[in-house]
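A.B. asks: Quick one: the structure is below, questions incoming.
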There are 2 protein chains.
Amino acid sequence: MKLLITGGGGFVGARLARTLLARGTLAGGRIEQVVLTDIAPPPADLLADARVQARTGPLLAQTDALRTETFDGVFHLASAVSGECEADFELGLRSNLDSTRALLDALRANVAAGGKVPRLVFSSSVAVFGPDAAVPLPKLVADDTLPAPQTSYGTQKLVCEHLIADYTRKGFIDGRAARLMTVTVRPGRPNGAASSFFSGIIREPLAGVESICPVSPDVSHPMSSPARTIDGLIAVYEASREQFLGRLGMNLPALNVKVSDMLDALEQVAGRKVRQLVRFERDERIAGIVANWPGGATAERAARLGLKPHENFAEIVQQYIDDCKALPTAAQTLKAIQ
Amino acid sequence: MKLLITGGGGFVGARLARTLLARGTLAGGRIEQVVLTDIAPPPADLLADARVQARTGPLLAQTDALRTETFDGVFHLASAVSGECEADFELGLRSNLDSTRALLDALRANVAAGGKVPRLVFSSSVAVFGPDAAVPLPKLVADDTLPAPQTSYGTQKLVCEHLIADYTRKGFIDGRAARLMTVTVRPGRPNGAASSFFSGIIREPLAGVESICPVSPDVSHPMSSPARTIDGLIAVYEASREQFLGRLGMNLPALNVKVSDMLDALEQVAGRKVRQLVRFERDERIAGIVANWPGGATAERAARLGLKPHENFAEIVQQYIDDCKALPTAAQTLKAIQ
């Protein structure tokens, strides 16, 4: 089978590609080719795999060519992140809405020309939820909570969910929107996401670097580890239409934790000195965005697919440490505990 | 003040224009100019009004020019209807989604160049609601019911609601989405809407013409008369942001009636012989679409604006008859009762 992963050079996309290539199969088919599109090239280990073809550049510039290419499956992960979309409205519309629309139309054109109907998993986001004057935000957002996005990013994700549902209803694709929880701990540098600090307050202290938490320790948030997020995307791909249950977006499992719980877990795994590298310094812009996010989520439909959140945040910290240890950069990323 | 009405040549748009011109004011401002855009020219009485400027052609072809034109207010009613959008997927995307996006971007560009932020009322639809495998449709859909559109038309309306909410949040427009109930009785010929028969089973018998009802007499549906629909659009325009309550779409008031109630009302107003001109002949395509529509709606937010549905369907039949009597075509449209 031939797969397309948009955003395949990014953290989630590259990890998904690596996991799929290691499995070798997906939904019973043998993976023969994986096309990775992204604005930057994928990591070297992926480029070294003969099954991988990397295409570098904006997705929007690549969709015309996709009209004549048949894929068995697509993981559509390419996206500008929340902070970027708030700062640059046009960027968000182009990267998240226009690119998705052009991708869907390319897949539709290929089907109209006789190509196979591709299965498509879309990475939506818990950012579709928010409070609106007419509808308070519940303590935990569920699959059937009324979305009221409070960011352009959340709006664009929700709009894409509905477009994908309609293209699916019409038989142009077999689409499924999975709402990702905040993926923590992300490796590397902070990014433009307003949620970036959720990774930073774990990642930086483990590297012996001070980190600033811009919100109160009481802030609660739905999290998922990178590995569980990838498990979720694959399970959603492999589900039958009946198992996916309808066409609306599905929440992926979340561990609902407070910032203070995260830091307790960090201390438990890495010690008191590491925890003390986190300093609280309120950032009104970030705190304002986060205040409109749900404090937690449930994921009933995902549970029926056998998907579960981590039991506690210490598991997530430990997963990050284990991931780092496998890399040549371990000495740097885990400086504080080595 | 200068107003833009897209779809201003259509039934609802022309009636809205007529009502606004007769009032002479809107939200405390004097109406000096009304620009009507539509694929067909507006009726002659509107063209004869010195305040009216008609621009004929697809909205999408007109949006570039709108980037340098400042409007105080916009009623965005232009839309392909549900049946058309099911039959022609591209038409729906172009007429309902791309055109709205281009209009919003034109208004945004004008604001960016120093123009006044326009108030915008968008005619969304009760078609945003539907049953999904994960979420059953409630007996009555409320303002806060989770939308799960089952048509491309409903999907496109919902997507536009969310785009308008986000452009509003960003301060590019002051937008409000009002969900229209099925407008009955529409004059003229049947149109491509799957709901067209709801008007046909009243309009045709009154003209002495047989009409076919493609669904069971037990089918219930949320209706609104043309006059109440116009009242709703104007009240939503005139509401303050606080009165509108948030940024999510608002249901306009509905009279929830069964087809059999509609025919009882027709008989009550126009007699048994007129009612007998309606014949039941099931159309699976129409019945299938209608089966996914809600049987009724509530409108709590609209009620706070003082908006109410009709008390009974006989009022709606009588309004149609009174409207017809005022026109030179009365002899034809009311042939059965004159």
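A.B. asks: Got a sec? Which helices (runs of 4 or more DSSP H) wholly within region A:60-135 have at least 3 residues that are in contact with a Ser or Thr (Cβ under 7 Å, 6 or more places away or on another chain)?
C.D. replies: Counting at least 3 such residues, we get A:82-87, A:99-112.
A.B. asks: Assuming residue A:304 fulfils every condition listed in (1) out of contact with any His (no Cβ under 6 Å at 6 or more places or on another chain); (2) farther than 30 Å from residue A:167 by Cβ apart from one, which condition is it?
C.D. replies: For residue A:304, the exception is condition (2).
A.B. asks: Please work out which residue is farthest from the other protein chains (Cβ to nearest Cβ), limiting yourself to region A:163-186 and to residues that are more than 23 Å from residue A:307 (Cβ to Cβ) and not acidic (Asp, Glu).
C.D. replies: Within region A:163-186, the match that is farthest from the other protein chains (Cβ to nearest Cβ) is A:171.
A.B. asks: Being more than 9 Å from every other protein chain (Cβ to nearest Cβ) and either over 29 Å from residue B:299 (Cβ atoms) or surrounded by fewer than 24 Cβ atoms within 10 Å (Cβ to Cβ) (or both) is the filter here; which residues of region A:146-159 pass it?
C.D. replies: A:153
A.B. asks: Under the condition of being in contact with a His (Cβ under 8 Å, 6 or more places away or on another chain) and of a type outside the set (Gly, Ala, Ser), which residue from region B:121-145 is surrounded by the fewest Cβ atoms within 10 Å (Cβ to Cβ)?
C.D. replies: B:121
A.B. asks: Quickly run through region A:133-154 and pick out the residues that are under 23 Å from residue B:243 (Cα atoms) and either in contact with a Pro (Cβ under 6 Å, 6 or more places away or on another chain) or aromatic (Phe, Trp, Tyr) (or both).
C.D. replies: A:137
A.B. asks: Among the residues of region B:245-265, what is the count of those that are surrounded by fewer than 24 Cβ atoms within 10 Å (Cβ to Cβ) and assigned to a helix (DSSP H, G or I)?
C.D. replies: Qualifying residue count for the region: 6.
A.B. asks: Let me ask something else. Hey, could you check region B:115-143 for residues that are charged (D, E, K, R) and within 14 Å of another protein chain (Cβ to nearest Cβ) and say which is farthest from the chain's Cα centre (by Cα)?
C.D. replies: Out of the qualifying residues, it is B:132.
A.B. asks: If you don't mind, there's one more thing I want to ask. Yes or no: residue B:327 hydrophobic (A, V, I, L, M, F, W, C) and part of a loop (DSSP other than H, G, I, E, B)?
C.D. replies: Yes, satisfied.
A.B. asks: Continuing with the same structure: Would a scan of region A:186-202 turn up a residue that is under 26 Å from residue A:334 (Cβ atoms), of a type in the set (D, E, K, R) and outside any helix (DSSP H, G or I)?
C.D. replies: Yes, region A:186-202 contains at least one residue that is under 26 Å from residue A:334 (Cβ atoms), of a type in the set (D, E, K, R) and outside any helix (DSSP H, G or I).
A.B. asks: Right, here's the next one. Tell me, yes or no, whether region A:80-87 has at least one residue that is within 12 Å of chain B (Cβ to nearest Cβ), surrounded by fewer than 22 Cβ atoms within 10 Å (Cβ to Cβ) and closer than 24 Å to residue A:292 by Cβ.
C.D. replies: yes
A.B. asks: Go through region B:95-140 and count every residue that is in contact with a Gly (Cβ under 8 Å, 6 or more places away or on another chain) and over 29 Å from residue B:172 (Cβ atoms).
C.D. replies: Qualifying residue count for the region: 8.
A.B. asks: Further, regarding this structure: With A:57, A:9 as the choices, which residue is under 20 Å from residue A:192 (Cβ atoms), at pLDDT 95 or above and crowded, with 18+ Cβ neighbours inside 10 Å?
C.D. replies: Testing whether each residue is under 20 Å from residue A:192 (Cβ atoms), at pLDDT 95 or above and crowded, with 18+ Cβ neighbours inside 10 Å leaves just A:9.
The values are calculated or read from the model by the stated rules, or taken from the named source; none is laboratory data. Worth saying up front: this structure is predicted, and the values here are computed from it rather than measured. Every residue, glycine among them, receives a Cβ derived from its backbone with ideal geometry; neighbour counts consider all protein chains shown.
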